[in-house]
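Nothing in this text is a laboratory measurement; each read-out follows from the coordinates by a stated rule. Quick caveat: nothing in here was measured; it's all calculated off a predicted structure. Methodologically, a virtual Cβ is constructed for each residue, glycine included, from the backbone with ideal geometry; neighbour enumeration extends over all protein chains shown.
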Amino acid sequence: MKKVSVSRRGFITGAVGAGCMLALGGVVMLPEQALCRPPGTRSENAFVGACVRCGKCIEVCPNACIVPATIEDGVVNLRTPKLGFSRSASQLRGAMGWCDHCTEYNNGVAKCAEVCPSGALTTTDDSSFDTMQLGVARIETDWCLAWMMKGCTLCKNACPQEAITFDEHNRPHVDESLCNGCGSCEQACVSLESVSVSAGGRSATTRAINVVPVGA
Amino acid sequence: MKKMKASTLRALVMGVILVVVAIGYFTAVGIGNLSGFGFDVFAFLCPLGYLESLLASKIFVPRALISVIAVVLLIIVLGRVFCAWMCPMPFLQKIIPGLGKKSKKAKGAKDAAALSENAPAQAAPPAVGDDAAPAAAEASVAVASEATSVAPAAAEPTAQEIDAHIGGKPNRFKFDSRYGVLLGALGSAAIFGFPVFCLICPVGLTFAGVFLVMRLFAFGETTWAIIAVPLVLLLEVVFFRKWCSKICPLGAVISLISGANKTLRPTIDDGKCLDTSKGISCLRCAKSCPEHINIREPELSEVSLNNCTKCRECSDHCPTQAITFPFLPSRKGKGDAVEKE
């Protein structure tokens with residue numbers, strides 16, 4: 001008699017708990033920021049589904065360009081890894097700050113994908129620096145120094161893919177078919193990092209060239 | 001030299017794990033946290049995280065399965081040690097008090113109420129419902145806690161009552177509410193496409209909280225998560241005092257696997273035990289068990305021996321030091337709690 005009543009209580013607690021779990025899944029409806037993910041990501045949905053938020057990729061990145069997503073990036077994204085190419089020199093501590101797909105550090109195999117235990121990031125044979133597509137660079141023409149005719153060429157100099165071209169006024173443009181989203185331009189950009197730029201009543205909130213997710 | 005208390009030892013082990021993970025975080029060797037704990041490409045993957053991510057992404061990853069099999073083998077060899085020795089939740093609940101009344105009497109009543117759930121044939125009349133049971137337990141404890149080492153034999157169930165109630169193996173599967181939460185977590189992951197429980201997992205939140213603070217000081221990264229993450233963790237610690245035995249789906253997965261575990265089981269030396277040698281119903285072991293297992297009479301315990309976390313509280317509380325945790329169960333046994341069925 002007693003046993004039945006206890007297991008009934010257990011059953012109700014379990015059912016309520018299960019309901020709470022199902023309700024909690026509803027946070028997926030909240031707005032999420034589109035993020036650039038480390039190399040080896042199949043798709044955003046597969047990535048968010050498979051990632052167990054262990055943080056190994058963040059730890060091992062030799063270029064220190066993987067950072068944990070915060071709650072501002074969305075509740076579901078919290079603690080997942082994202083690419084951050086706008087880290088300052090003091091945060092990087094000598095690391096490069098953009099993704100070269102571990103060309104020299106790890107024999108061309110992305111270290112993050114290699115250590116990922118859940119399969120959210122995968123190493124595939126055809127994955128290389130040239131074939132990866134982490135995102136695409138976008139220029140903030142409002143606060144780009146070159147677009148203010150100040151003659152800055154840092155992003156173009158940094159780009160290993162030669163995806164940045166200058167027009168007749170020496171203003172940079174990104175060739176999206178060449179850009180692989182490695183982030184070297186964003187890392188090189190001095191806007192917000194070394195100088196504070198404001199234009200047209202708006203002050204810069206990001207660097208003047210940023211890697212954004214493909215299609216964002 | 002005085003033997004170290006099990007709770008002190010457990011806190012030390014947890015501290016060491018935290019330090020190891022923290023060192024790994026800034027030395028880039030890829031230790032990860034307890035969700036995927038390992039070295040470089042090798043990892044022990046959280047079994048619940050794996051199940052959730054398998055259902056959420058619907059992609060089978062052989063490597064992840066290998067990492068999980070490593071964990072399953074560890075659980076079979078060592079049992080449910082994670083819950084007492086590695087998970088921060090019991091430790092946090094010990095150092096952060098709940099909201100309920102904390103008088104000594106109330107605490108004693110709680111212990112006895114738990115015990116009365118386990119030993120069904122209590123002094124309470126059989127007709128009382130759920131609501132009356134705690135009151136009855138309180139009454140029986142008022143006596144039990146006043147009397148020192150020798151509790152009255154009135155509460156002791158007779159052999160016939162035991163036989164009449166339940167017979168069976170001490171480690172048979174017993175459904176409890178954690179399995180409901182587990183099913184909900186897995187279903188939710190499958191429906192919504194992300195590991196839902198990982199969001200509120202106290203283990204994940206603890207490590208997240210520590211590293212958010214570390215990153216705040218190391219890199220100046222400011223985010224509302226520094227407030228949100230510890231807040232959610234604190235709510236779980238304060239409001240869900242029975243998290244480990246009633247809610248935690250990770251504990252449920254581990255209990256399920258540890259059904260195959262035969263090592264490090266609490267074993268009572270019947271020659272020393274007050275109950276068997278002197279006929280004194282002491283049951284300190286059952287009262288001290290955080291999982292509410294009655295190891296003196298595991299056959300009629302409401303909670304299966306699968307749930308034993310090898311925390312050694314019972315051993316610490318035994319007035320005659322009759323309880324040991326031998327790695328392998330003894331063959332003939334001096335009255336092994338497990339084999340005495």
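Structural remarks
- Using R0 = 41 Å, the C-beta based FRET efficiency linking B:VAL16 and A:SER43 works out to 0.60.
- Model label sites at B:ILE227 and A:ASP125, defined 7 Å from Cα along the beta-carbon direction, differ in position by 5.3 nm.
- Once backbone amide H atoms are built at 1.01 Å from N, A:THR80 has A:ALA69 as its partners under 5 Å, excluding neighbours fewer than 5 places away on the same chain.
- Between B:SER7 and A:ASP167, the FRET efficiency estimated from the beta carbon spacing at R0 = 60 angstrom works out to 0.30.
- For B:VAL303, residues with placed amide H under 5 Å, excluding near neighbours: B:ASN294
- Average partner coverage of B:302-309, which counts Cβ from other chains inside 10 Å: 1
- Straightening the chain between B:ILE59 and B:PHE217 buys 53.1 nm, computed as 0.36 nm per residue apart minus the Cα-Cα spacing.
- Computed packing ranks the peptides A:176-185, B:199-208 as B:199-208, A:176-185, most packed first, by mean other Cβ atoms within 10 Å.
- Furthest towards positive pole of dipole, A:VAL136, A:ASN63, A:PRO160, structure part chain A, Cβ charges: A:ASN63
- Built amide H within the under 5 Å cut-off of B:PHE44, gap 5+: B:PHE37, B:GLY38
- 222 nm mean residue ellipticity, helices alone, for chain A (DSSP H n ≥ 4; -39,500 (n - 2.57); rounded to 500): -6500 deg cm²/dmol
- With Cα atoms, 0 to 90° folded angle of helix A:2-24 axis to chain A main axis: 20 degrees
- Cα gyration tensor category, rounded, prolate or oblate, for the stretch A:29-131 with a/c compared to 1.5: oblate
- Shielding by partners, peptide A:106-117 (average Cβ within 10 angstrom, other chains): 4
- A simple count of charges around B:ALA11, restricted to other residues whose Cβ falls under 14 Å of its Cβ and scoring Lys, Arg +1 and Asp, Glu -1, yields +2.
- Rounded to the nearest Hz, the phi-derived 3J(HN,Hα) couplings of the stretch B:39-52 under the Karplus curve 6.51 cos²θ - 1.76 cosθ + 1.60 (θ = phi - 60°) are 9, 6, 7, 8, 8, 8, 9, 4, x, 6, x, 5, 4, 4, where x marks glycine and proline.
- Charge tally for B:ALA189 (other residues, Cβ to Cβ under 14 Å; Lys, Arg +1; Asp, Glu -1): +1.
- Net +/- balance of residues flanking B:LEU233 in space, Cβ distance below 15 Å, scoring K and R +1, D and E -1: +3
- Order by protection proxy (mean Cβ within 10 Å, highest first), peptides B:34-47, A:107-120: A:107-120, B:34-47
- Residue by residue along B:215-223, Cβ atoms of other protein chains within 10 Å of the local Cβ number 4 on average.
- Virtual spin-label span in nm between B:VAL72 and A:SER177, 7 Å along Cα→Cβ: 5.0 nm
- Between A:TYR105 and A:ARG8, the simple spin-label model (points 7 angstrom out along Cα→Cβ) gives 6.0 nm.
- FRET efficiency, 1/(1 + (r/R0)^6) with R0 45 Å, evaluated for A:THR205 and B:LEU328 via beta carbons: 0.10
- Gyration tensor verdict on chain A (Cα atoms; rounded if a/c is under 1.5, prolate if a/b is larger than b/c, oblate otherwise): prolate
- Hz values of 3J(HN,Hα) by residue in the stretch B:12-18 - Karplus curve (6.51, -1.76, 1.60), Gly and Pro given as x: 4, 4, 4, x, 4, 4, 4
- Across the stretch A:127-132, rounded Karplus estimates of 3J(HN,Hα) from the backbone phi angles (6.51 cos²θ - 1.76 cosθ + 1.60, θ = phi - 60°) give 7, 8, 4, 6, 8, 5 Hz, Gly and Pro being marked x.
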